[in-house]
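Engineer: The structure follows.
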Amino acid sequence: KECDKFGGSSRIRNTCLYGGVPKRQQMMDLRDGREIVIATPGRLIDLISMGVINLKRVTYLCLDEADRMLDMGFEDQVRKIIGQIRPDRQTLFFSATWPKTVERMARDFCREKPVHINVGTLDLKANHRITQHVEVFTSYSAGNDKRRRLAELMKEIMDGSKIIIFSDTKRNCDDLTRNMRMEGFPALSIHGR
């Protein structure tokens, strides 16, 4: 949607390639020609291997959420994709964090020494006014135990202050919100679409 806003007046066409949906429409978009392709690594590699797309004419590469791609184990796939793009490309590399692994990838993927622009401080410290509670459960079957323990913990620490609980998926976030409300705690879920 954002690319449509950006490219509409210039007739710059785009498509989004991602798994979990049929490839047919994505393949048709590529065959019709697109100036911008937004893709997940797995689906892009699938379409490259099928001969639907090649990356020889790519002059501008943007890697968004590079740290998350690393955390999710996509480094080999990203390297495979970048190996098929011309070396004289311009590369933008976005990452919420800048650990050594991300820094190494940035150096590997950029032709020259990358320019590092940092928003905020590199000195990451927890706010001293925040209390963190971390509990680790050893198996996924511990769902009921986790819900029970969360309810106990909330009763112990609920003092009118604000509490943030992180969840791994949107669905779990919504389930957790529903369960919290059923337990009598005011709760809202915040996540992307």
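The values are calculated or read from the model by the stated rules, or taken from the named source; none is laboratory data. Nothing here was measured: the structure is a model prediction, and the numbers come from that model. Cβ coordinates were reconstructed from backbone atoms using ideal geometry, including for glycine residues, and neighbour counts include every protein chain displayed. The protein model used for the area step is the full one, side chains on, heavy atoms only, and it has no ligands, DNA or RNA in it. Shrake-Rupley method; radii C 1.70, N 1.55, O 1.52, S 1.80 Å.
Engineer: Hey, which lysines would be in cross-link range of Lys23, C-alpha to C-alpha under 22 Å, not counting anything within fewer than 8 residues on its own chain?
Structural biologist: Lys1, Lys56, Lys80
Engineer: Ignoring chymotrypsin sites (Phe, Trp or Tyr not before Pro) that are buried or in helix or strand per DSSP, and keeping those with at most 14 other beta carbon atoms within 10 Å, what is the longest stretch of the chain between them?
Structural biologist: Details: sites that count: Tyr18, Phe94, Phe137, Phe166.
It runs 19-93.
Engineer: On to the next question. Figure the gain on full extension for Ile38 and Asp4 (residue separation times 0.36 nm, minus the Cα-Cα span) and round it to one decimal in nm.
Structural biologist: On the way: separation 34, 0.36 × 34 = 12.24 nm, distance 1.20 nm.
So the extension gain works out to 11.0 nm.
Engineer: Sequence-distant or interchain residues sharing an amide H contact under 5 Å with Arg34, placed H: which?
Structural biologist: Hits under the 5 Å cutoff: none.
Engineer: Right, here's the next one. In deg cm²/dmol and to the nearest 500, what is the mean residue ellipticity at 222 nm of the chain if only DSSP H runs of at least 4 residues count, each as -39500 (n - 2.57), divided by the residue total?
Structural biologist: On the way: 8 runs with 76 residues, N = 193.
Mean residue ellipticity, 222 nm, calculated: -11500 deg cm²/dmol.
Engineer: Now for a different question. Report Val37's accessible area, 1.4 Å probe, all protein chains in place, as a number in Å² to the nearest 10.
Structural biologist: 60
Engineer: FRET efficiency for Phe94 and Lys155, Cβ-Cβ distance as r, R0 = 41 Å, nearest 0.05?
Structural biologist: Details: r = 41 Å, r/R0 = 0.99.
E between Phe94 and Lys155, to the nearest 0.05, is 0.50.
Engineer: Let me ask something additional. So what are the ³J(HN,Hα) numbers for segment 83-100, from phi and the Karplus equation (6.51, -1.76, 1.60; θ = phi - 60°), rounded to whole Hz, Gly and Pro as x?
Structural biologist: x, 9, 9, 4, x, 8, 6, 9, 10, 10, 9, 10, 8, 6, 10, 10, x, 4
Engineer: A further question follows. Can you compute 3J(HN,Hα) from phi for each residue in segment 60-72, using the Karplus curve 6.51 cos²θ - 1.76 cosθ + 1.60 with θ = phi - 60°, rounded to whole Hz and x for Gly and Pro?
Structural biologist: 9, 10, 10, 9, 9, 6, 4, 5, 5, 4, 5, 4, 8
Engineer: Which of the aspartates and glutamates could a cross-linker span from Lys155 if the Cα-Cα distance has to be under 15 Å and same-chain partners fewer than 8 positions apart are dropped?
Structural biologist: By straight Cα distance, Lys155 reaches Glu183.
Engineer: On a full-extension model of 0.36 nm per residue, what is the gain between Arg107 and Arg178, subtracting their alpha-carbon distance, rounded to one decimal in nm?
Structural biologist: Working: separation 71, 0.36 × 71 = 25.56 nm, distance 4.45 nm.
Going from the current span to full extension adds 21.1 nm.
Engineer: Also, I was wondering about something else. Write down the percent of antiparallel bridges among all DSSP beta bridges whose residues are both part of the chain, to the nearest 5. Could the numbers behind the result be given before it?
Structural biologist: Numbers: 0 of 8 bridges.
In the chain, approximately 0 percent of DSSP beta bridges are antiparallel ones.
Engineer: For the chain, set up a Gaussian network in which alpha carbons nearer than 10 Å are linked by springs, and say which option among Asp67, Asp168, Asp46 fluctuates the most.
Structural biologist: Result: Asp168 has the largest fluctuation of those listed.
Engineer: How far apart, in nm, are two points set 7 Å out from the Cα along the Cα-to-Cβ line at Arg31 and at Asp71?
Structural biologist: Rounded to a tenth, the inter-label distance reads 3.9 nm.
Engineer: Under 5 Å between amide hydrogens, which residues at least 5 positions from Phe93 or on another chain qualify, with H placed 1.01 Å from N in the peptide plane?
Structural biologist: Residues meeting the criterion, in which the H sits 1.01 Å from N, are Leu63.
Engineer: Tell me whether the chain comes out rounded, prolate or oblate; compute the Cα gyration tensor, take square roots of the eigenvalues as a ≥ b ≥ c, and use a/c under 1.5 as the rounded threshold. All intermediate terms of the calculation are to be shown ahead of the outcome.
Structural biologist: Working: a/c = 2.36, a/b = 1.77, b/c = 1.34.
Prolate is the answer for the chain, as a/c is 1.5 or above and a/b outweighs b/c.
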